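Novice: Please read through the structure below; I'll follow up with questions.
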Amino acid sequence: MSGITKSPWILHYDASSCNGCDIETLACLTPIFDVERLGVINTGNPKHADIFLVTGAVNEQSKGVIQNLYRQLPEPKVVVAVGACASSGGIFRDCYNISGGVDSVVPVDVYVPGCAARPEAIIDGVVKGLAVLEEKHKRMRLAKEAK
Amino acid sequence: MTLVLALVALPFLAGLVLLCLRADAPRRGVVIVVTAAVCAGCIMLACLPAPMELGELPVSRHALNLGMMAVEALMGLYILWVGVRSRHFLIVALMLAQGAVMVWFERLAGADANAGHPLFVDKFSIIMALINGLVGGGICLYALGYMREYHTEAHRDIPDRRPMFFALLFVFMGAMFGLVFADDLPWLFFFWEITTLCSFLLIGYTQTPEARKNALRALVMNLAGGLTFALAIVCFYRETRSLGLQALIHSGHAVALLPAALLCFAGITKAAQCPFSSWLLGAMVAPTPVSALLHSSTMVKAGVYLILRLAPVITGTTVGMMVASVGAVTFLIGSLAAITTSEAKRVLAWSTVANLGLVVLCGGIGTSQAVWAGVLLIIFHAVAKCLLFLCVGVVEHKLHSRNIEDMSGLVLYMPRVAVMMLIGMAGMSLAPFGMLISKWAVLRAVVDACPVLSVFIVFGSAATLFFWVKWMGKLVEVVRPQTRVIKEISLDESLALYGLSVATFLACLLFPLLSTQFVEPYVAGVYGHSGSLGQGNIIIMMIMMMLVMLFPLSFLSGGRGVKLVDPYLGGANAGGGPCFTGSAGAVETMTLQNYYLGSVLNEVWLSRVAVAGGVVLLAVMIAFAIL
Amino acid sequence: MNPWLRLILYLVLAPLAGGLLAGWDRRVSARMQSRRGPPILQPFYDVLKLWQKQNLAVHASQNYFVLFFLLLVVFTGALFFAGSDLLLVIFALTTASIFFVLGAYKASSPFSFIGAERELIQMMAYEPMVLLTAIGMYMATKTFYVHGIASHGGMLVLALPGVFLGFVFMLEIKFRKSPFDLSSSHHAHQELVRGITTEFSGRALAMIEIAHWYESVFLLGWIWLFFASSPVLGVVMALVVYGFVVLVDNVFARLKWQTALASSWIVTVVLGFGNIIVLSLQR
C-alpha cells in the first residue's frame, strides 16, 4: 500500500464550461456526497495536486492555461475530463473557437460523461483515476530503481 | 603605559600627516601602516592583565593640561564662528555657556586639576579599544576604496576633500582611544568634544545644504550634552574636590547622583536616544564610512560606554529608572520606525538607535546581570552593524540606489556582498547569533529588576524581527535571473568586508570566551559577582550554531532530484520567469514589493511620540537628581 | 524522568501524536459541517503520498530552507521536552520560522511572497505574548527552565490567568486557524491559493506538514505546563484547549492582518501585561 491512492488532491479547472459540471463537482464536497471521506481535498494549487479535473471544452485562452497547469503538476498525475464538453467538445464541438475536448491539449486518463455529469459519476471517475494513479506510481518507481 | 599612550597619540599624528598628503598612493600607505599598527597594538593590549598598573606620564601633567586647554579654546572659538556664520543662535548660546562653565571650573580647581593619574585601563576599556581599533581600522581601510569610487564615479560633483576626510577619521580614532582610557573627567571631556567636532565636520563633508543642516543639528544636540558634561564636572568637584571617573563611580549616592545624572544626559545625547534621535537619522547623508564609524560602531558607543560605567551609581534610583525608561522607549519606537522606511541607511540608523536603547536600558537598570548583557550588546552590535553599513555602501555604489526594493535578487547579482549582508543581518536578528543572545541576557536582567519595562522589549523585539527578515527575503528572492557583477568590490573594501564577516562569525563562536575572559571579570570587579551564560546554555547555543551553519552546506547538493518549474501565476505563465498573460492578452511582469505597514505605523508620528516621551522622562530624571 | 528519555520519546512520538491531532481536527471540523470527514489517519496518508511525489520547485534552494525549518522545529521541541531554558526555546522556534519565511521568499512567486509577508506579521503579532508567557512563568516560579517550572508546586494557571488566556489567543495564530489563518489557508480554504506553501511540493511539502506536527505537540506541551502540578489534568486541558481552537476555527471567518495585529497586541497588553503588573505588585 503506497498511500498514493489514499490521499488524492484535486486541481479543478474550468476551461470554458457553462459551470454546470463545476457546480456538480463542487457538490461532491458538500455533506451529501462528502468526498473528503476518501481523502480528497480541492487544492487550488497545481504543485500540490495529483488529479487535474477539467470541465468545459478547450478554446484559445484555456489551451495555454491547461498546458501551464499540467506542467506544474508533479508526477504521478492523472487528468480527468468531466462532462461531455471536456471529453470531446460536446455540443460546442464544431464551433470556430473550440479545438475539442481536453485530450486535444494534454493526455486524458479518465473521461466522465454527462451534461452535466452527476456527482456520483464524478466520484466514480476520480476513483477510476486513483487506479490509474497507482499504476503510474508503480511505473515511476520501477523506472527510478532501474536507473 | 607606552602602549596606551601610543594608541592614543599615533592616530592623532597620522591624522596630521594625512592632512598634508594630496596624492592617493602615499595616503594608502599611511592608512594601511597605521591601521595595522593600531590593530596590533590593541591585540597586544588585550593580552596584558587588567586593570593595569600604569606608570608615570612621560610629559608633565601640567604641560598636557595647558595643551588641552589651548586646543579646547581653539575648538570653542571655531564652533562659535560656525554658529555665528550660520546664524544658529542655539549653537552660540550653548558654546558660550559651556565655555563659561569650563572657565569657572579652571578657576575653582587650580592645581587640583593636576592630581591623580589621568588614565585607567581595565577590561571594559580594552573591549572598547579593541572595537575602536579593529572595527575602526577596518572602516579606514574600506574608506580608501570607497572614497576613491565616491569621487571618481558616483559623486563627481562633490569637491574632493579626502585629505581632511582621512585626517578626521584618524583624529577621531585617537580621540576614542583617549576617551576609553581616560579616568580624569576633564580629559574625558576633552576627547568627548573632539568627537563632537569630528562628527560635525564629517557629516557636513559633502557641503550640500542638507548636509550642512544636519551637521548643525548634530552639533547642537551634542553641544547640549557637552554642556551637561561640563556642569557635571563642576558639580562633582565642588562636592568632593576630586576629578576621577572611578572616584565618581565609587562615591556614595548623596554625592554622586547629580553628576551621574548629568553625565547620563550627555551620554543620551551622544547615543541619539529620545528625544535626540533626529541627529543620527539626519547624519545618514554623510558618506558610508562616516555612518559606519561615527554613527554606529564607535562614536555613539562612547555615549553608552559612559552610561554603563555609571551604572553602579544610578542602579536602584529614580534617575536610573528614568534612564532605563528612555532606553526602553527608544528601543520600541526605533524598532517600529525601522519597519516603515525602505531606504537602507535609514533602516540601519533606526536599528542603531534602537539597539543603543537596549544598552541604555541595561545601564539604567544597573544590576550586574544588566551590565553584563549591555557590554555584550555593545560588542556584537558594533561588529554586525558596521558590516551592514559597509555592505550597503558598496551596494549603493553599484546599484546607484539606497532603496531596499532595488536590492531584489542581490544573491545572484552581487553574491559575495549579498552573503555578507545576510551574515550581518543574521548576526543582528537570528538566534543563536550574538545580538539575540544579548537580547536573551537583557530580558533576564530586566525581568529580575523591573518587569514592567519588559513589555517594551518584547514588543520591540517582535518589530525588529519583521524588518530584518523582510530585508533578508528581498535579498534572497530571485524574480528575474540576473547576470553577475564581475568586480563587486575593490581590494581595500573587500579586506574590510571579509575581515568584518570573519569577526562577526568569530564573535558569535567565541562568545563564551569573550564573556569569561573580558566581560565577566569587569562586571565582577565592579559588583563582586557577574551575570553569566550557564554551562548548559552555552552547549545548547553551540549546537544550534552548528545546526544553522550547516545550512550553506546544503547548497552543495546542487539541486539534485528537483525539477524546476515556473511559479504559480494562475496558469497564465507566458514564456517562463516572472511574465504572465494579463488582461487583453498583453504580457505583464510581476513585481514584488515589501510591506511597510503604512496604514498602521507612521514614521513622523513615531518620532514625535519619541521626542515627547524623551523630554518628559529626562525632565523627571533631572528633577529627581537635584532633589 | 530522565531528560534524554523524554527527548527520545518526543522525537519518536511527536509526529505520531501531531498527525493524530491533525486528523482528529479534520474529522471534528467535518462533523461540525454535517459531513463524515476523512479517517483519523488521513494526515499520515497525505504525508506518505507527498513523500513519493515528484519534487517541483521554482528555485532548488527553497527546499533547503524548509529542511532547516524542520530541523530547527524538532530542535525546539527537543529543547523544551528536555527541560531547558524557555527563552532559548522561544528563540529557537523564531529562528525556525525565519527559515520557513525565507524559503517562501526564495520561491519568488506572488502568492508565496504575500504569504511570507503575512507570516511575518503573524509572528510580530504573537511574539510579544509568547515572550510575556515565559516572563510570567519566570515571575511565578523564579526559573526559566522548563524542568523547574514543571516541578513547581502550585498550579501556574491560578497565578497566571491573564497570561494563560492571552496564550490561548495566540495559539489560534500559531496553529494557523481562523480567524488568523492569514499566511497559509489550511487544506480546504484557498485565500492566497496556498499562501506561504504555494510553491512547495513533494518532500518539501511533507516536511512542512511534519514540522507543523512537531510544533503542535510542543505548543500543547506548553499548555500542559500551566497545569503541571497535576499531570493528568494537564493532558486533559491541553486537549480541551486544542478542541477549543478547532471550534473557534469553524465558527469565525478570517480577519484582515490589520485586525489580527491590533487585536493580538491589545490582548497582549491587557491580559498578558496586566497579569505581569499584578505579579510584580505582589512581590
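Novice: Can you pull the one-decimal nm distance between simple spin-label points at B:A36 and B:D24, each 7 Å off the Cα toward Cβ?
Specialist: About 2.1 nm, to one decimal.
Novice: Okay, next question. If R₀ is 51 angstrom, what is the calculated FRET efficiency for the pair B:L96 and B:R608, using the beta carbon separation as r and rounding to 0.05?
Specialist: 0.95
Novice: Okay, next question. For the protein assembly as shown, what is Rg from Cα atoms divided by 2.2 N^0.38 Å, rounded to two decimals?
Specialist: With N residues counted in the protein assembly as shown, Rg over 2.2 N^0.38 Å equals 1.04.
Novice: I want to verify a result. In a Gaussian network model of chain C, Cα cutoff 10 Å, which of these has the top mean-square fluctuation: C:T95, C:T259, C:T268?
Specialist: C:T259
Novice: From other protein chains only, count the Cβ atoms within 10 Å of every residue's Cβ in B:550-561, then give the mean.
Specialist: Across B:550-561, the average partner-chain Cβ count within 10 Å equals 4.
Novice: Related question: I want to check the label-to-label distance for B:F89 and C:H189. Put each point 7 Å from Cα in the C-beta direction and report it in nm to one decimal.
Specialist: Distance between label points: 6.0 nm.
Novice: Using alpha carbons only, how many degrees (0 to 90, rounded to 10) separate the axis of helix B:318-339 from the longest principal axis of chain B?
Specialist: Approximately 20 degrees, to the nearest 10.
Novice: Additional query: When the helix-only estimate is applied to the protein assembly as shown (DSSP H runs of n ≥ 4, each -39,500 (n - 2.57), divided by the residue count), what is the mean residue ellipticity at 222 nm, nearest 500 deg cm²/dmol?
Specialist: -21500 deg cm²/dmol, from helical runs alone.
Novice: Per 10 Å bin, what percent of the C-alpha pairs of region B:406-519 does each bin hold, from zero upward?
Specialist: With 10 Å bins starting at 0, P(r) equals 12, 32, 32, 17, 6, 1.
Novice: Cα centroid distance between region B:163-212 and region B:325-365, in Å?
Specialist: 23 Å
Novice: Can you give me the angle between helix B:491-509 and the longest principal axis of chain B, using Cα atoms only, in degrees from 0 to 90, rounded to the nearest 10?
Specialist: 80 degrees
Novice: Quick one: if the Förster radius is 45 Å, what FRET efficiency do A:A143 and C:R254 give, using the C-beta to C-beta distance and rounding to 0.05?
Specialist: Step by step, r from the Cβ atoms, then E = 0.60.
Novice: Treat the count of other C-beta atoms within 10 Å as a stand-in for reagent exposure and order C:I210, B:I139 from fewest to most.
Specialist: C:I210, B:I139
Novice: Hey, which aspartates and glutamates would be in cross-link range of A:K47, C-alpha to C-alpha under 17 Å, not counting anything within fewer than 8 residues on its own chain?
Specialist: By straight Cα distance, A:K47 reaches A:E75, B:D566, C:D46, C:E191, C:E199, C:E209.
Novice: Same structure again: Spin-label point model (7 Å from Cα, Cβ direction): what's the A:S104 to C:R283 distance in nm?
Specialist: 7.7 nm
Novice: Can I ask one more? Counting DSSP beta bridges with both partners in the protein assembly as shown, what percentage is antiparallel, nearest 5?
Specialist: In the protein assembly as shown, approximately 35 percent of DSSP beta bridges are antiparallel ones.
Novice: Could you work out how much longer the chain between B:E106 and B:L510 gets when fully extended? Use 0.36 nm per residue separation minus the Cα distance between them, nm to one decimal.
Specialist: 140.8 nm
Novice: Can you give the FRET efficiency for C:S34 and C:V240, using 1/(1 + (r/R0)^6), R0 = 22 Å, r = Cβ-Cβ distance, to the nearest 0.05?
Specialist: Once the sixth-power term is evaluated, E becomes 0.40.
Novice: Something else now. So how much slack lies between B:L399 and B:T591, counting 0.36 nm per residue of separation and subtracting their Cα-Cα distance, in nm?
Specialist: So the extension gain works out to 67.3 nm.
Novice: Multiplying the sequence separation of C:T143 and C:L247 by 0.36 nm and subtracting their Cα-Cα distance, what value in nm do you get?
Specialist: Additional length available on full extension: 34.1 nm.
Novice: So which residue, out of C:Q52, C:Q122, C:Q42, gets the largest mean-square fluctuation from a GNM of chain C using Cα contacts under 10 Å as springs?
Specialist: C:Q52
Novice: Could you work out the relative contact order of region C:131-199? I mean the mean sequence separation of Cα pairs under 8 Å and 6+ apart, divided by the number of residues, in percent.
Specialist: 18 percent
Novice: What do the square roots of 5 times the Cα gyration tensor eigenvalues come to for chain C, in whole Å, largest first, as semi-axes of the equivalent ellipsoid?
Specialist: 30, 21, 19
Novice: Normalising by the residue count of region C:30-145, find the relative contact order in percent from Cα pairs under 8 Å and 6+ residues apart.
Specialist: Averaging sequence separation for qualifying contacts and normalising by length gives 24 percent for region C:30-145.
Novice: Region B:80-220: D in µm²/s via Stokes-Einstein (Kirkwood Rh, Cα pairs, 37 °C, 0.692 mPa s)?
Specialist: The calculation lands on 189 µm²/s.
Novice: What is the helix-to-structure angle for B:61-85, meaning the angle in degrees between its Cα long axis and the longest Cα principal axis of chain B, kept from 0 to 90 and rounded to the nearest 10?
Specialist: 60 degrees
Novice: Further question on the same structure: Classify region B:497-573 from the C-alpha gyration tensor, please: rounded if a/c falls under 1.5, else prolate or oblate depending on whether a/b exceeds b/c.
Specialist: prolate
Novice: Another question, then. Hey, for a label at B:R212 modelled as a point 7 Å past Cα toward Cβ, could you say which residues of region B:67-89 have their backbone N under 14 Å away?
Specialist: Inside the label zone: B:82-88.
Novice: Further question on the same structure: Once you order the gyration tensor axes a ≥ b ≥ c over the Cα atoms, which shape class does region C:173-231 get: rounded for a/c under 1.5, otherwise prolate or oblate by comparing a/b with b/c?
Specialist: Note, shape of region C:173-231 comes out oblate.
Novice: Show the residues, 5+ positions off or on another chain, whose built amide H is closer than 5 Å to the amide H of C:Y145.
Specialist: Under 5 Å from the amide H of C:Y145: C:L86.
Novice: On to the next question. For chain A, set up a GNM with springs between Cα atoms under 10 Å and report which of A:C95, A:C85, A:C21 has the largest fluctuation.
Specialist: Residue with maximal mean-square fluctuation among A:C95, A:C85, A:C21: A:C95.
Novice: Please go through the residue pairs A:K128/C:K49; B:K270/B:K439; B:K470/C:K256; B:K213/B:K487; A:K138/C:K106 and name each one whose alpha carbons sit more than 25 Å apart in this structure.
Specialist: Checking Cα-Cα distances, B:K213/B:K487; A:K138/C:K106 exceed 25 Å.
Novice: So for chain B, averaging the separation of alpha carbon pairs under 8 Å that are six or more residues apart and normalising by length, what relative contact order in percent results?
Specialist: For chain B, the relative contact order is 15 percent.
Novice: Let me know the longest stretch in chain B that avoids all trypsin sites (Lys or Arg not before Pro) found in a DSSP loop with at most 16 other C-beta atoms within 10 Å.
Specialist: B:242-483
Throughout, read-outs are computed from the coordinates displayed, never taken from laboratory work. If you're wondering where the values come from, they're calculated on a predicted model, not measured in any experiment. Glycine also receives a Cβ, built like all others from the backbone with ideal geometry; neighbour counts cover every protein chain displayed.
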